[in-house]
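Just below is one structure, and these are the notes that go with it.
The values are calculated or read from the model by the stated rules, or taken from the named source; none is laboratory data. The model shown is predicted, which means the values in this text are computed figures rather than measured ones. In this analysis, Cβ positions are derived from the backbone assuming ideal geometry, glycine residues included, and neighbour counts consider all displayed protein chains. The protein model used for the area step is the full one, side chains on, heavy atoms only, and it has no ligands, DNA or RNA in it. Shrake-Rupley method; radii C 1.70, N 1.55, O 1.52, S 1.80 Å.
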Amino acid sequence: MCVEATPPPSSKLTRRGILAGAAALAGTMAAAGQAAAAVGDHGSAPGRRASGGTARVGHLVIQGGTLLDPATGEVTENAVVVIEDGTVRATGRRGDVAVPQGVQVLDAHGRWILPGLVDAHIHLSTAAEARDAVRKGATSARSGSTAFYQDIAVRELARHSPALAPRLKAAGVFVTPNLGDTVLADPDLTPLARLKDGVRSAEALRRVVEVNLARGADVIKTRVNERAGLPEQDPLAQVYSREQLAEIVGAARRRGKGVLCHSYSERGCHDAVMAGIRSLEHGAFVGERTLHEMRRRGTYFTPTLTAIAGLAESSDPILAERGRTYLPVLKRAVLAAHELGVPLAAGTDSSGGVVDPIGGEVALMHSAGLSPLDAIRTATTGAARLLGIDRTAGRLTRGYAGDAILLAGDPLADLTVLKQPVAVVRAGVVA
């Protein structure tokens, strides 16, 4: 079947039929309603402003803690962070920063203050998962795709009610040979169900990308290898060639979007990088030649150590053995990438209703050989650059988002404190 002759997808479906259906599946309409109810019928809640469809952001002063700037490594004792309208207006040592009167104060004495963390690979399909991610420290994130555009609805929830969801770059649906029930996500995808060989032709590949972008996806997610988390699949088996991946990348680039690519084998990783992907996901067996190419191109590496470590704990013997075998190999790849100067981004690959703390991924980066500060950067400044939000997230300084986490101890001495933030602030509101 020739899908190229099919009319282009209608952008009118983006915010109406498709997005409404995705919102219903994700439960974001109910969550937004609950947020509106919390604000009340007679004005804004303390420390917040609400006006029509504008985001409910806050005014907050965080004071008394130890502030870490991941970009510089600078540590400020007895610090003050002033957040107005959800944005940082001033930071510095207490006594050096003017503190506005009548604004909610969050006491951070005995705590460390860091910018909200960034999870660069997560699957958020429900409002409950989105809120859980925030409460575990991920105030910004990039989706690794969802089955029915729920991530696009979650992104809109985050814009309306920031405390309920991370600032999100949505990937829409997976560009994969077998779409399965995902063809039901969009009427413009259903013709692909008739393709005998699945989504493999140049026309079909472009079609899935175009439909995703028409529905509002910020990035495109595809694969070069089969999955590691399914015992019946071989993660080293290649499903797309370099040429097929280049079709996907080209279709995304024409609309100014990047591609993240699920990968495991060295050949698959190399083909994906040479095809022009923006970031390599998982990449357990990525080789030195590919890492050199990634450094040259500025291709990011998102190893998702959390997901691979999780396989080692599986009750399925095949998955458990796979995890035990892959994890040390992947850690060596992470360290090699870091030493070569390949940019790294932290991502948990959380899915299926379980949200792993992004702080755990940072700790695993450290266990792979990164210094504590460099490990923290993979979930702050580094991941923010990958997402294109490095002027918004990843630091707590003037003009940046008022997203912060408070920790029980010094993360430079013990990164495990990142797994359980004492408090999380999203756009100036305590989440």
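Values as computed for the structure displayed
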read-out	value
Relative contact order (%) - the stretch 183-276, alpha-carbon pairs under 8 angstrom, separation at least six	28 percent
Fluctuation leader among R227, R296, R322 - the chain, Gaussian network, Cα springs under 10 angstrom	R296
For the chain, share of DSSP beta bridges that run antiparallel, in % to the nearest 5	50 percent
Label-point separation in nm, R391 to A312, each point 7 Å along Cα→Cβ	4.1 nm
Other-chain or far-sequence residues with amide H under 5 Å of V429's (modelled H)	G58
Electrostatic dipole magnitude of the stretch 294-340 [Cβ: Lys, Arg +1; Asp, Glu -1; Cα centre; debye, to 20]	360 debye
Computed E for L373/M274 - FRET, C-beta separation, R0 30 angstrom, nearest 0.05	0.40
Shape of the stretch 284-431, Cα gyration tensor, a/c cut at 1.5	oblate
Cα-centred dipole magnitude for the stretch 341-429, charges only on beta-carbon of K, R (+1) and D, E (-1), debye, nearest 20	360 debye
Per DSSP, loop trypsin sites (Lys or Arg not before Pro) in the stretch 182-225 with at most 13 further Cβ within 10 Å	K196
Debye, to nearest 20: dipole size of the chain, +1 on Lys, Arg Cβ, -1 on Asp, Glu Cβ	1100 debye
E288-R332 pseudo-label distance in nm [points 7 Å out on the Cα-to-Cβ vector]	1.2 nm
Sites matching GluC sites (Glu not before Pro) across the stretch 267-331 that sit in DSSP coil, with at most 13 neighbouring C-beta atoms within 10 Å	E313
Options A333, A363, A320, ranked by Cα towards positive dipole end of the stretch 306-367, top entry (Cβ charges)	A333
Kirkwood Rh, angstrom, the stretch 44-176 [1 / mean 1/r, Cα pairs]	16.2 Å
Exposure ranking of S314, S279 by accessible area [1.4 Å probe, largest first]	S314, S279
Residue-wise HN-Hα coupling along the stretch 270-284, computed from phi with Karplus coefficients 6.51, -1.76, 1.60 (Hz; x: Gly, Pro)	5, 4, 5, 5, 5, 6, x, 4, 7, 8, 9, 9, 6, x, 4
Computed over the chain: relative contact order in percent, which uses C-alpha pairs under 8 Å that are six or more apart	20 percent
Length released on extending from E321 to R255, taking residue separation times 0.36 nm less the Cα-Cα span	19.6 nm
Note, ³J(HN,Hα) from phi for the stretch 67-82, Karplus 6.51, -1.76, 1.60, rounded to Hz, x at Gly and Pro	9, 10, 9, x, 5, 10, x, 5, 10, 10, 7, 6, 8, 10, 10, 9
FRET efficiency estimate (nearest 0.05) - Cβ-Cβ, A202 to D410, R0 51 angstrom	0.45
Reachable lysines from K169, criterion Cα separation under 23 angstrom, eight or more residues apart if same chain	K12, K136, K221, K257, K419
Qualifying GluC sites (Glu not before Pro) for the stretch 56-149 [loop in DSSP, other Cβ within 10 Å: at most 10]	E74
